[in-house]
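Shown next, in structure tokens, is the structure this report addresses.
The values are calculated or read from the model by the stated rules, or taken from the named source; none is laboratory data. What you are looking at is a predicted structure, and each value in this text was computed from that prediction instead of being measured. Because the Cβ atoms are built from the backbone with ideal geometry, glycine has one as well, and the counts that use them run over all protein chains shown.
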Amino acid sequence: MLIGLLLGTLLPLSSQQLNEHQQAFLDSVQQRYLQAHSISMEVDVVTFDAKGKTIGEVVTYYSYKQGDHYLIKTPYAFQLLTPNLQLVINHQAQLIRLLPVRAGSQLEANANIILPFFENNGLEGELDWSESNGIVSLQLMPAYEDTQYAYFHFDQEEYLLKGVDYIYPYNEEEGMPRHIRIQYPLIDINQGVGGEALDISDYLEQKNGEWAPKGSWGIYEFIDETKH
């Protein structure tokens with residue numbers, strides 16, 4: 001569920017719900033992301049229970065776009081997507097998997113974390129729009145099948161997504177999430193990716209036509225699934 005929330009920031013709005021001003025603003029947000037050659041983002045995820053108490057620790061991860069290459073880094077793993085290949089590295093398991101790019105694959109969809117408004121997912125919901133102190137906020141209800149509300153917050157001048165709040169139906173069971181907050185404290189557009197490695201050759205090398213881990217990655221188990 002959490003992975004879906006991290007990656008599922010596609011905006012579920014239909015154009016019939018928006019006035020001309022609102023549609024123009026969201027179009028500008030979409031173009032800000034789609035036209036960027038490079039994007040670097042820091043993402044913080046906080047989960048709260050029904051009493052407003054945090055559940056677990058804040059999860060921080062990073063996502064990058066450089067041309068048509070995408071990288072998503074978490075504390076325990078990262079995923080790299082290129083036009084032809086996918087690379088998944090699990091640090092805890094010390095495992096590297098190389099996979100082909102398949103249409104509609106989960107990792108291909110993961111790239112949409114960089115493109116929050118890449119497409120309309122067709123969901124309908126009651127819309128509430130507000131503008132205050134340079135922030136545009138959208139409230140959707142119902143937002144998704146298992147949520148009660150979703151709030152999207154945008155920087156009105158920079159046309160950037162600053163945060164998303166998902167509110168779930170009340171569940172008094174201890175440890176069950178009531179509220180998940182996703183924040184974007186750092187977003188750099190067209191400022192490069194800070195030296196991050198976004199190419200397969202940074203991690204693997206070919207020897208006699210076979211892929212193998214490169215350099216220090218050699219201690220990881222390697223599975224080449226492009227041959228399956």
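It is to be established whether one or more residues within the stretch 100-111 are at pLDDT 80 or above, of a type in the set (A, V, I, L, M) and either surrounded by 17 or more Cβ atoms within 10 Å (Cβ to Cβ) or in contact with a His (Cβ under 7 Å, 6 or more places away or on another chain) (or both).
Restricting attention to the stretch 100-111, the residues satisfying the condition of being at pLDDT 80 or above are 100-101.
Adding the requirement that they be of a type in the set (A, V, I, L, M) leaves 101.
With either surrounded by 17 or more Cβ atoms within 10 Å (Cβ to Cβ) or in contact with a His (Cβ under 7 Å, 6 or more places away or on another chain) (or both) added as a condition, the list becomes none.
No, every residue in the stretch 100-111 fails to be at pLDDT 80 or above, of a type in the set (A, V, I, L, M) and either surrounded by 17 or more Cβ atoms within 10 Å (Cβ to Cβ) or in contact with a His (Cβ under 7 Å, 6 or more places away or on another chain) (or both).
Are there strands (runs of 3 or more DSSP E) fully within the stretch 182-228 with at least 2 residues that are more than 27 Å from the chain's Cα centre (by Cα), modelled with pLDDT of 90 or more and not hydroxyl-bearing (Ser, Thr, Tyr)? List them.
204-207, 210-213
Working carefully through the options 68, 49, 27, find the one that is at pLDDT below 90 and closer than 15 Å to residue 200 by Cβ.
Values: 49 fails: closer than 15 Å to residue 200 by Cβ; 27 fails: closer than 15 Å to residue 200 by Cβ.
Only one candidate passes the filter, namely 68.
Of all residues being over 30 Å from residue 223 (Cα atoms) and of a type in the set (Phe, Trp, Tyr) in the stretch 166-210, which is surrounded by the most Cβ atoms within 10 Å (Cβ to Cβ)? Just the residue, please.
Residues of the stretch 166-210 that are over 30 Å from residue 223 (Cα atoms), as a first pass: 166-192.
Then drop every residue that is not of a type in the set (Phe, Trp, Tyr), which leaves 166, 168, 170, 184.
Values: 166: 21, 168: 18, 170: 9, 184: 19.
Of everything passing the filter in the stretch 166-210, 166 is surrounded by the most Cβ atoms within 10 Å (Cβ to Cβ).
State which residue is farthest from residue 192 (Cα to Cα) when the search covers only the stretch 23-77 and only residues that are part of a strand (DSSP E or B) and of a type in the set (D, E, K, R).
Per the criteria, the residue is 44.
Just one of the numbered conditions (1) within 21 Å of residue 62 (Cβ to Cβ); (2) in contact with a helix residue (DSSP H, G or I) (Cβ under 9 Å, 6 or more places away or on another chain); (3) not hydrophobic (A, V, I, L, M, F, W, C) is not true of residue 214; which one?
Here residue 214 meets the rest and fails (1).
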